[in-house]
1. Can LEU163 be described as buried (at least 22 other Cβ atoms within 10 Å of the Cβ), touching a residue at least 24 places away in the same chain (Cβ under 8 Å), in a helix (DSSP H, G or I) and not acidic (Asp, Glu)?
2. Looking at (1) under 23 Å from GLY97 (Cα atoms); (2) part of a helix (DSSP H, G or I), can you tell me which one GLY171 breaks?
3. Just for segment 60-96: of the residues that are polar (S, T, N, Q) and open to solvent by less than 10 Å² (accessible area, probe 1.4 Å), which one is nearest to ASP135 (Cα to Cα)?
4. All but one of (1) out of contact with any Ser or Thr (no Cβ under 7 Å at 6 or more places or on another chain); (2) among the acidic types (Asp, Glu); (3) under 21 Å from GLU101 (Cβ atoms) hold for ASP151; state the number of the condition that does not hold.
5. Going by the structure shown, is ASP36 over 25 Å from LEU137 (Cα atoms), open to solvent by 10 Å² or more (accessible area, probe 1.4 Å), in contact with a Ser or Thr (Cβ under 7 Å, 6 or more places away or on another chain) and of a type in the set (Asp, Glu)?
6. On the given criteria, is ASP135 closer than 20 Å to ARG46 by Cβ, open to solvent by 10 Å² or more (accessible area, probe 1.4 Å) and assigned to a helix (DSSP H, G or I)?
7. Has segment 129-143 got any residue that is modelled with pLDDT under 95 and polar (S, T, N, Q)?
8. What tally of residues in segment 150-178 results from selecting those that are touching a Pro at 6+ places or on another chain (Cβ under 7 Å), under 20 Å from LEU89 (Cβ atoms) and polar (S, T, N, Q)?
Amino acid sequence: MRNTPKAMPATTRWNRFRTAGVAVIAAVRHPVDVADAFADVQRATRRHRRAHRCGAYAYGEGSFPATVAAAVGARRIVEVGTALGYTSLAMADAAPGAHVETVEMDPDHVRLARAEIARRGFTERISVLPGTAEDVLPGLDGGAYDLAFFDGFTPTPAVVEDLYRLLRPGGTLLAGNLILGPAPAVTRHLADPARWRTHPLGESALCVKL
């Protein structure tokens, strides 16, 4: 006699529907409107990208990395992917005692970011480091950073290893652009419970170094 599959309990069906519904709603609306002091830099980044057809993308909302910087009380921050300086400014503003070192490979973006940073009066607190992450990160001090933010194209295994090395124990990594298909070694690293306490956040992951 063939077994008839049991019907899914109504509560389980509702929970699955509710989870999907919340995700859809969250994608199109925000329950809390947050003022963005650097929205003009984000707009300038979009205009620059359209005009120059380059890879200058500002992270969706600077309030997220800024809030992480404030929450961890960051004193030293390393960022990969400066573009025009949108998130560097947001993090430095949110963590008044912090110094941000941000890595940018495009010389035009280095110039434009430095100009935006100077215009806002953050030259002493944000350093734009020209070059690729693979070239720049190995030269930075290991175990010296409270927060690392990856917002380049997509993280490579070498870059993730370097960011792990740079963070102090208990330091936090915000890794963006994970939907762009990083190597399996990257996702294995970020999900390694011996290295990180990790929570996925859509296109990003929030990881605390153990």
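1. For LEU163, the condition - buried (at least 22 other Cβ atoms within 10 Å of the Cβ), touching a residue at least 24 places away in the same chain (Cβ under 8 Å), in a helix (DSSP H, G or I) and not acidic (Asp, Glu) - is met.
2. (2)
3. Of all residues in segment 60-96, those polar (S, T, N, Q) come to 63, 67, 82, 87-88.
Narrowing the set further to residues that are open to solvent by less than 10 Å² (accessible area, probe 1.4 Å) leaves 82, 87-88.
On the way: THR82: 15, THR87: 21, SER88: 20 Å.
The qualifying residue nearest to ASP135 (Cα to Cα) is THR82.
4. Every listed condition holds for ASP151 apart from (1).
5. The answer is yes for ASP36.
6. Against the criterion (closer than 20 Å to ARG46 by Cβ, open to solvent by 10 Å² or more (accessible area, probe 1.4 Å) and assigned to a helix (DSSP H, G or I)), ASP135 does not qualify.
7. no
8. Here the count works out to 0.
The values are calculated or read from the model by the stated rules, or taken from the named source; none is laboratory data. Only a predicted model underlies this, so the values are computations on that prediction, with no experimental measurement involved. Heads up, the Cβs are rebuilt from the backbone with ideal geometry, glycines too, and the neighbour counts pull from every protein chain shown. Accessible surface is based on the protein model in full, side chains and every heavy atom, while ligands, DNA and RNA are left aside. Shrake-Rupley method; radii C 1.70, N 1.55, O 1.52, S 1.80 Å.
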